[in-house]
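To keep things clear, I will list the structure first and then write my remarks on it.
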Amino acid sequence: MLFALMANAAAQAFTLVVLPPLGRSLGFTDIQTGALLGLSALVLLVAAPIGGTLSESFGRKPVLLVALAAASAGPALSALVIGARLNGAITAMAALGLLFGIRFLQSAFAAGLLPAAQAFMADSTKAEQRAEGMGLLGAAYGIGAVAGAACAFAIGGTAPVAAFAALSATVTAGFLAVWTMLREPAPNRMNAMEKTPLSLTRLLPNLTVTFLAITVYGIVQHVTARRLQDGFGLDVANSISRAGVTLMGAALSMALVQTFALRWLRWPATRLMLAGAGVALVVMTVAATAQSFSRQFRAHFGSGPQQYRENIQLALR
């Protein structure tokens, strides 16, 4: 299951890096490409709770299999459409319409992947192991994000169709692994007396912070390649390649900070959020005003623990 989640995250990260600049080569406007990418987030918002409910009714494994089948079919069909458009076999509007349909169906059917995986992990672990199990899910997504960005760096700019096909094959391997090796866990039902109703009022500040953080990071993923292309005069292939290595560095940096730096700092959650927001403000300002690729890369990735400490100190001041 962890391998399947990693493969799906790699395919998603690759799409976010490659599609913005590639869309221009396909004849799409930036607004059209942005709407294409934003569609999946909107569909997930509606379909994810439905996927979670279905996993309660029909089991975790069936929902995982349906989601992975959709996650595998999406990149494969996208490769066919993109290849046809690059070869001039279909018009830009036809390609855009087909990709909209593919992204819609992929997001609708794959929306249950994370809820079902989280429920599977909750059913498969004891209370004292649950945080570690959920951490493994996060690690799988983090590794997948690094792998997808690395794929964009390596071949995304020169052979996007082959890359989409390879990522689809990787997700298919994850589907087969879940189908043949994963056993449906026994439901880990809480006693009705132990259930506490959710208080949206108490959760609202945390939900707001999470919403803003994911919004900013989503914009960074969409805009980085275009920033390199427009700001530094790079062609499509080079902008994809350099955006891939930049976002790969960002994903790796986040994984290292979450794994090691947070244990070393041992700060309260509120202080960590304030410091993180301050560091984000500093590095996003540097990225927005950078006049060279190397400076923008350092803004995303930093230059090691010493730079990280300096950024934190500056943010706190």
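The values are calculated or read from the model by the stated rules, or taken from the named source; none is laboratory data. Here the structure is a predicted model, which is why all the values come from computation and not from measurement. Positions of Cβ are backbone-derived with ideal geometry, glycine not excepted, and every protein chain shown enters the neighbour counts. The accessibility values were calculated without ligands, DNA or RNA, using every heavy atom of the protein model including side chains. Shrake-Rupley method; radii C 1.70, N 1.55, O 1.52, S 1.80 Å.
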| request: Scan the stretch 108-130 residue by residue and report those that are buried (at least 23 other Cβ atoms within 10 Å of the Cβ) and among the small types (Gly, Ala, Ser). | output: ALA110, ALA111, GLY112, ALA116, ALA117
| note | In the set ALA67, ALA76, the lone residue that is modelled with pLDDT of 95 or more, open to solvent by 10 Å² or more (accessible area, probe 1.4 Å) and either of a type in the set (A, V, I, L, M) or within 29 Å of ASP235 (Cα to Cα) (or both) is ALA76
| Criterion (hydrophobic (A, V, I, L, M, F, W, C), in contact with a helix residue (DSSP H, G or I) (Cβ under 6 Å, 6 or more places away or on another chain), assigned to a helix (DSSP H, G or I) and under 22 Å from ALA163 (Cα atoms)) met by exactly one of LEU105, LEU98 | LEU98
| remark: Scanning the stretch 2-28 residue by residue, the ones that are more than 11 Å from the chain's Cα centre (by Cα), hydrophobic (A, V, I, L, M, F, W, C) and open to solvent by 40 Å² or more (accessible area, probe 1.4 Å) total 2
| note | The number of residues in the stretch 215-231 that are farther than 14 Å from ALA149 by Cβ and open to solvent by 50 Å² or more (accessible area, probe 1.4 Å) is 6
| Does the stretch 100-107 include one or more residues that are open to solvent by 40 Å² or more (accessible area, probe 1.4 Å) and among the aromatic types (Phe, Trp, Tyr)? | yes
| request: Could you tell me which numbered condition ILE240 fails, if it satisfies all but one of (1) β-branched (Val, Ile, Thr); (2) open to solvent by 50 Å² or more (accessible area, probe 1.4 Å); (3) at pLDDT below 85? | output: (2)
| request: Could you please find all residues in the stretch 181-233 being among the polar types (S, T, N, Q), in a helix (DSSP H, G or I) and either modelled with pLDDT under 80 or over 26 Å from the mean Cα position of the chain (by Cα) (or both)? | output: THR201, GLN221
| field | Close pairs from the stretch 198-210: first farther than 19 Å from LEU274 by Cβ, partner basic (Lys, Arg) and assigned to a helix (DSSP H, G or I), Cβ under 7 Å, at least 6 apart | value | none
| query | Of the residues GLY133, GLY157, which is surrounded by 22 or more Cβ atoms within 10 Å (Cβ to Cβ) and of a type outside the set (Val, Ile, Thr)? | reply | GLY157
| field | Selection within the stretch 29-64 - open to solvent by 20 Å² or more (accessible area, probe 1.4 Å) and outside any helix (DSSP H, G or I) | value | THR29
